[in-house]
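Okay, structure first, notes after.
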Amino acid sequence: MNEPGTKRSERRRNQRALNEKQKRRGQYYPLVYTLPNRKSNFETVEEEKEYLQQTTEEKLEVYRQLLPGLLKKLSLIPDPRKPEKIKHKMSVMMLYGILMFVLQISSRRESNREMTTPQLLENLKAFFPELTEMPHQDSLHRLLQDSAMEQIEVIYTGLLKELIHKKKFKKLLHDKRYLVAIDGTQKYVMEQCWDERYPRRKITEKEGKYHYYAFVVEAVLIFSNGMVLPLMSQFLENSRELEMIEDYEQWKQDCELKAFYRLAERLKTEFPKLPLTLLMDALYAKGPVMKICVKNKWQFMIVLKEKVVPSIWREATGLIGLDKEKENCLTKHWRGAKQTFRWVNNICYEYGHRFPKNRLKVHVVICQEKREVMDEKNNPVFEVTRHAWLSSEPVTKKNVHHLCNLTARKRWLHENNILKEKHQGYHYEHIFSHHFDAMRGYHYLMHIGRMLNEMAFHSVYLVGHVKAVGFQGFINKFKAAMIYRELDQERLCRRAASAGQLRLAGEDDWRTTRPAA
């Protein structure tokens, strides 16, 4: 009898052979980037030092293009500390907090250990001369407790607006539009109520007991090269004043949809004329949500499920069944699957409890995919899946592939982004403080650190290095070089004094660039 590992290996080999067979039929498969399975190419210590020096300089160069202006604005946040007791400037405190997430430090205690080493300070001084001494995490924590933390996100959003104005993302757009994926995720759960603003839920097995949690609705920018940048965060936040008016059974807590309405208002305020396409899951398949998008002149692609909006589903499937000539139908092969698209335009959707009801015209597209895969017994079988979306734009044979495959499916990158922040070094589910304001402050600093790393990964000068060691390996090497390696300070100073330019790699750069040695 074969062992389970042997069966898995055989199934993978058969699946690869099946993929090659489908490629020969002309079916398109996306490029898959895997890390080289090889020994180190460095033959001498000098070669390794040169490699680390070069990649560290390139990554610090990206930070130098983005951080100085950001830190200058962050330093203008009102400082709640007593002037006579200030040891570190506001800009230094903010830089310390950002670098904590750039280097993917897991806790405040580890930050005190790892980020106060003389070697790290020496390596950073060339690019950030204002860093004369590293603060203590307790100092940063107290500052975040008392400062106006929402200003951090406002300033970060201003940096994104500046990059958009400079057309840094011009070649990475989807049909000249910015894709904004929106989804909610739970950040932390606790049994003790550290702050009345945390939402709560009853514990069914314990009468009178509650769990308190932090929940965030995240909006991210998605680009054609796979880069995902945090855009805005909207925390679920309870109001103690409203809770005291009514008892718990009648009082309605803050929820994901309420947070979306606040987030949408902020998006329109910050980016009033930016062409946005919102990508959302089935929770947002609501009349008021779509009405906001139409009012703000935003396009949208929202996942449609049969039980979420049954009236639209029944009408769409009924009209599709009547289309005997299959005029609104398209069949194509994409990424190894046979896709059959069927759609219906101009469905009148009525919603609301008042009379007359609100009305919207929506468009529905349903995609059935048939893919040949290997089952557990290593036999080729056909796997059939179905996807459906609500579209703000009428669907045609010319745009159905763009709307569904190249736009709506990009929402999955947001799902992957949340998983990366939770499980790949950013410690999204570690709130760093139970204090509500400090927790939000660390969250905003984490997003700035995440943005800096994403911009470095997708820098045209670092694509080959990232493909050679992977995203996580690249961060680990950078962290080790900054904290434990003695870098050439003269070269760092010369690089810091020279003129630089931020250039982002496009999708073609990822395809053509070879992994660095």
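The values are calculated or read from the model by the stated rules, or taken from the named source; none is laboratory data. Bear in mind that the values here come from a model prediction, so they are computed numbers and not experimental data. For neighbour counting, all protein chains shown are included, and Cβ atoms are generated from backbone atoms with ideal geometry for every residue, glycine included.
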Check: Given LYS307, LYS286, LYS326, which one is within 24 Å of the chain's Cα centre (by Cα) and farther than 30 Å from PHE169 by Cα?
Finding: LYS286
Item checked: Complete set of residues in the stretch 189-239 that are without any contact (Cβ under 8 Å) to a residue 12 or more places away in the chain, in contact with a strand residue (DSSP E or B) (Cβ under 7 Å, 6 or more places away or on another chain) and in a loop (DSSP other than H, G, I, E, B) -> ILE203
Next item on the list: Filter the stretch 379-410 for residues that are of a type in the set (S, T, N, Q) and either closer than 26 Å to LEU172 by Cα or not assigned by TED's automatic domain parsing to the domain that holds ARG342 (or both) and give the result.
Entry: SER391, SER392, THR396, ASN399, ASN405, THR407
Note to self: Take the conditions in a helix (DSSP H, G or I), loosely packed, with under 15 Cβ neighbours inside 10 Å, touching a helix residue (DSSP H, G or I) at 6+ places or on another chain (Cβ under 8 Å) and not β-branched (Val, Ile, Thr) and apply them to ARG491. Does it pass?
What the structure shows: yes
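Considering only residues that are β-branched (Val, Ile, Thr) and at pLDDT 85 or above, look in the stretch 186-228 and name the one that is farthest from PHE260 (Cα to Cα).
Applying the first criterion (β-branched (Val, Ile, Thr)) to the stretch 186-228 yields 189, 203-204, 216-217, 220, 222, 228.
Subsequent filtering for residues that are at pLDDT 85 or above retains 189, 216-217, 220, 222, 228.
Numbers: VAL189: 21, VAL216: 10, VAL217: 7, VAL220: 13, ILE222: 18, VAL228: 20 Å.
Across the stretch 186-228, the extreme among qualifying residues is VAL189.
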Note to self: Being closer than 30 Å to GLU265 by Cα and not small (Gly, Ala, Ser) is true for just one of VAL344, VAL365. Which residue is that?
What the structure shows: VAL365
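Being within 22 Å of HIS174 (Cα to Cα) and assigned to a helix (DSSP H, G or I) is the filter here, so list the residues in the stretch 259-281 that pass it. Please lay out each step first, then the result.
Here is the first cut: in the stretch 259-281, the ones within 22 Å of HIS174 (Cα to Cα) are 264, 267-268, 270-281.
Once the filter is applied, which keeps residues that are within 22 Å of HIS174 (Cα to Cα) and assigned to a helix (DSSP H, G or I), the stretch 259-281 yields ALA264, LEU267, LYS268, GLU270.
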Margin query: Which condition from (1) surrounded by fewer than 13 Cβ atoms within 10 Å (Cβ to Cβ); (2) out of contact with any strand residue (DSSP E or B) (no Cβ under 6 Å at 6 or more places or on another chain) is the one that GLY352 breaks?
Written below: (2)
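Name every residue in the stretch 416-470 that is of a type outside the set (Ser, Thr, Tyr), in a loop (DSSP other than H, G, I, E, B) and more than 15 Å from ASN225 (Cβ to Cβ), in order of residue number.
GLN424, GLY425, HIS427, GLU429, HIS430, ILE431, PHE432, HIS434, HIS435
Is it true that some residue in the stretch 56-78 is among the small types (Gly, Ala, Ser), surrounded by fewer than 20 Cβ atoms within 10 Å (Cβ to Cβ) and more than 28 Å from the chain's Cα centre (by Cα)?
Within the stretch 56-78, the first condition is being among the small types (Gly, Ala, Ser), and the residues that meet it are 69, 75.
If we keep only those that are surrounded by fewer than 20 Cβ atoms within 10 Å (Cβ to Cβ) as well, we get 69, 75.
Add one more test, that the residue is more than 28 Å from the chain's Cα centre (by Cα), and what stays is none.
Within the stretch 56-78, none of the residues are among the small types (Gly, Ala, Ser), surrounded by fewer than 20 Cβ atoms within 10 Å (Cβ to Cβ) and more than 28 Å from the chain's Cα centre (by Cα).
Out of the residues in the stretch 159-177 that are over 18 Å from the mean Cα position of the chain (by Cα) and touching a residue at least 40 places away in the same chain (Cβ under 8 Å), state the one that is nearest to LEU403 (Cα to Cα). Working first, answer last.
In the first step, residues of the stretch 159-177 are kept if they are over 18 Å from the mean Cα position of the chain (by Cα); the result is 162, 165-168, 170-171, 175-176.
Next, only the ones that are touching a residue at least 40 places away in the same chain (Cβ under 8 Å) stay: 162, 168, 171, 175-176.
Values: GLU162: 28, LYS168: 24, LYS171: 19, ASP175: 10, LYS176: 13 Å.
Only one residue tops the list, namely ASP175.
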Next item on the list: Could you please find all residues in the stretch 38-86 being of a type in the set (Asp, Glu), in contact with a helix residue (DSSP H, G or I) (Cβ under 9 Å, 6 or more places away or on another chain) and not in a helix (DSSP H, G or I)?
Entry: ASP79
Check: What pairs come up if the first residue lies in the stretch 413-424 and is on the phi < 0 side of the Ramachandran plot, the second is among the basic types (Lys, Arg), and their beta carbons are under 7 Å apart, counting only those six or more places apart or on different chains?
Finding: GLU421/ARG450
Note to self: Suppose we filter ILE483, ILE418, ILE448 for residues that are among the β-branched types (Val, Ile, Thr) and closer than 19 Å to PHE215 by Cβ; which single one remains?
What the structure shows: ILE418
Next item on the list: Please tell me if LEU406 is free of Cβ contacts under 8 Å to residues at least 12 places away in the same chain and surrounded by fewer than 16 Cβ atoms within 10 Å (Cβ to Cβ).
Entry: no
Notebook entry, point to check: Of these, GLU383, GLU350, GLU372, which one is in contact with a Phe, Trp or Tyr (Cβ under 9 Å, 6 or more places away or on another chain) and acidic (Asp, Glu)?
Noted result: GLU372
Margin query: With touching a Gly at 6+ places or on another chain (Cβ under 9 Å) and of a type outside the set (Val, Ile, Thr) as the only criterion, which of GLU383, GLU327, GLU393, GLU372 stands out?
Written below: GLU372
Notebook entry, point to check: Regarding GLU265, is this residue loosely packed, with under 14 Cβ neighbours inside 10 Å and at negative phi?
Noted result: yes
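If I filter the stretch 349-377 down to residues being touching a Lys or Arg at 6+ places or on another chain (Cβ under 6 Å) and modelled with pLDDT of 80 or more, which single residue comes out as nearest to LEU304 (Cα to Cα)? Give the steps one after another, and end with the answer.
Pass one, the stretch 349-377, residues touching a Lys or Arg at 6+ places or on another chain (Cβ under 6 Å): 350, 366, 368, 370, 374.
Then keep just the ones that are modelled with pLDDT of 80 or more; that gives 350, 366, 368, 370.
Values: GLU350: 16, ILE366: 9, GLN368: 14, LYS370: 19 Å.
Going through the qualifying residues, I end up with ILE366.
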Next item on the list: Select from the stretch 135-184 the residues that are closer than 19 Å to SER75 by Cβ, modelled with pLDDT under 90 and in a loop (DSSP other than H, G, I, E, B) and list them in ascending order.
Entry: SER147, ALA148, MET149
